[in-house]
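Each remark here refers to the structure printed beneath this line.
The values are calculated or read from the model by the stated rules, or taken from the named source; none is laboratory data. Note that this is a predicted model, so its numbers are computed, not measured. Because the Cβ atoms are built from the backbone with ideal geometry, glycine has one as well, and the counts that use them run over all protein chains shown. For the accessible areas, the whole protein counts, side chains as well, though only heavy atoms, and no ligand, DNA or RNA atoms are used. Shrake-Rupley method; radii C 1.70, N 1.55, O 1.52, S 1.80 Å.
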Amino acid sequence: MNAVTRFEYSFGAQVLGPQWTRFALWAPSARRVELEVEGQAPLAMIQAGEGRFVGEAECDHGTRYRYRIHLDDDAEGILVADPASRAQAGGIDGPSLVVDPFRHAWRHADWLGRPWHETVLYELHLGALGGLEAARRQLPYLAELGVTAVELMPVAAFPGSRNWGYDGVLPYAVDEAYGDPDALKAFVDDAHGLGLMVFLDVVYNHFGPDGNYLPRYAEAFFRHDRDTPWGPAIDFRQPMVRRFFIENALMWLDEYRFDGLRLDAVHAIGERDFLVELAETLRSHLDANRHVHLVLENEHNDAELLGPGRFTAQWNDDWHNVMHVLLTGEREGYYGEFADEPTQKLVRCLSEGFVYQGDPTRDGTPRGTPSAHLPPSAFVAFLQNHDQVGNRALGERLTRLAEPQALEAATLLLLLSPMVPLLFMGEEWASERPFLFFTDHRAELAEAVREGRRAEFAAFSAFQDPARREAIPDPNAESTFAASRPDFDSRETPPHADRLAYVRHLLAIRHEEIVPRLDGARALGAEPLGDKAVVARWQMNDDSQLVISVNLSQQAVATSAFGIGRRLYETRDGAAVATESGSLPASCAVAWLRPGPGDEELCA
């Protein structure tokens, strides 16, 4: 499907032409449905089979509308927003707006994206940056930094005026707090003009706890025999449920021209075949000339979902978790799975991708599948992201948790290894601002979320004291949200300016030395050099070898000869010479490029 085709969606309001719009709602539990268009008499919608109700009205872009759903013979019914609303007026309980997706005149309509191996991701929260217009002003800075892809946390409409985005209840709608659909398209358009891809985080595993009325009129949307951490599981056995989310993904990629999607927590989706259908359907509908990338978050470490025709890559939580243990020594919560022999776990991760490849976790449950056959670029690596910072009670970044020189060494491994790197907003200048969990729920739910979050940390040693738990910031307080906004001004002052220059320099090396050699690269293996110290090697596509040695400990470790190559970077002066002489200094990392057969330039 190309950018000018009007795809016939199964849900929502679709503009057919000037002053004429079709409406469609899946409401299998309803007896009858009326379309209420502002300024017009209610229109009885026609049952179209499969629990769908359809109707057409004389209206166009910007028209306000709702559905009145009658579950029995009641005269009043329930008045709801369109679950496939493209935009809202007055929040999730207000009227939906008709949106004509073809209003935006794309200035960079010939943009086809970028190959995956060129990707350097930068995750950001639009609300924390001040909305779409404010975020657009940061795009030139990100392009200059060396980022090639901006990843937006979810934009789906949520309750209140601030939210992480994972409480969305209208997955087709851009939340009003960020801007309207045209503002989002303008953001994507500007990014493309700067050579930046744009990815969107989408949530297909649950709906938020406030404002989701689907269970009332589409009972079949949810299962009654399976729960998730967020409530009843979505029933992906239902063809219409599958279609609802597949068409949502298609909308973001086609109408908004996103370059890729990151699918949140797909391990909470019970029907694995839905994921296969999603990927295959999207790829069959989209222009084959475009570079479109689909990325998973999946605790199941299902390597078979990754590869041509399916998903491009997976967030490698294993990489993050073992690196966090090595940098901080933390062992509680999910870090407990990585606390034993973390150096060996890092060796496996650098050699084969996943740490857990069918191995039993602490409770004896096997997790994962073999991944050594996958290229390094099938894994997204990160030291920080919204989850791993924001799910902490106090939202601390690694800047406050790790020894600075060790963190610099870890950053070299992140940005120069062949895995696709991700930076979380503010990480590049070593921001010390927290990123906290924030919401804007109504009173009763706000209290439940506040108390639930504090109870969540009761088992952690630092929060055994009830007084300490009471000090955990209230997610619903506006001050919690304000405290999470990035401190952009600090980029210009030491030591933050130094870290920013360091990250910029490493990304320049990545683009000049690593990216051209990355497509087709493969891991040759890694080995431990000592406690918290490893050396890893990768065969690049020109037969050269990338070698990275990293020591996150406070003691030097003995090394064998790595062979002479061209030094790409060392985090401490003299570290490369010392390593080549048999000793890798404490808290440092070094990267070399060793020549392939007949490649003399790399010896220079």
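What to note about this one:
- Note on Glu456 and Arg442: the extension gain reaches 3.0 nm, defined as 0.36 nm multiplied by sequence separation minus the Cα-Cα distance.
- Added length on full extension, which subtracts the Cα-Cα distance from 0.36 nm per residue, Leu79 to Asp60: 4.7 nm
- Global geometry of the range 432-583, whether rounded, prolate or oblate, following the gyration tensor of its Cα atoms and the 1.5 cut on a/c: prolate
- Using the 1.4 Å probe convention, the accessible area of the chain works out to 37 Å² per residue with neighbouring protein chains retained.
- Computed in the context of the full set of protein chains, the accessible area of the range 99-234 at 1.4 Å probe radius has 50% of its extent on carbon or sulfur.
- Here the chain carries DSSP beta bridges of which approximately 70% are antiparallel, counting only pairs with both residues inside.
- Three-way shape call for the range 362-449 based on the alpha-carbon gyration tensor, with the a/c threshold at 1.5: oblate
- Modelled this way, with points 7 Å down the Cα-to-C-beta line, the labels at Glu38 and Asp465 are 5.4 nm from one another.
- Listed values (1) 3, 12, 17, 18, 14, 11, 8, 7, 5, 3, 1, 0, 0; (2) 3, 15, 21, 20, 14, 10, 8, 5, 2, 1, 0; (3) 3, 16, 26, 26, 17, 8, 3, 1, 0, entry calculated as P(r) over Cα pairs in 10 Å bins from 0, in percent: (3)
- Carbon/sulfur fraction of accessible area - the range 314-355, other protein chains in place, 1.4 Å, %: 44 percent
- Rolling a 1.4 angstrom probe over the range 475-555 with all protein chains present gives an accessible area of which 46% lies on carbon and sulfur atoms.
- The trypsin sites (Lys or Arg not before Pro) of the range 372-444 that meet both conditions, a loop assignment by DSSP and at most 13 other Cβ atoms within 10 Å of the site Cβ, are Arg442.
- Classification of the range 493-557 by its C-alpha gyration tensor yields an oblate form. The axis ratio a/c (a ≥ b ≥ c) is 1.5 or more, and b/c is at least a/b.
- Taking packing as the residue-averaged number of other Cβ atoms within 10 angstrom, the listed peptides 303-314, 153-164 run from highest to lowest as 153-164, 303-314.
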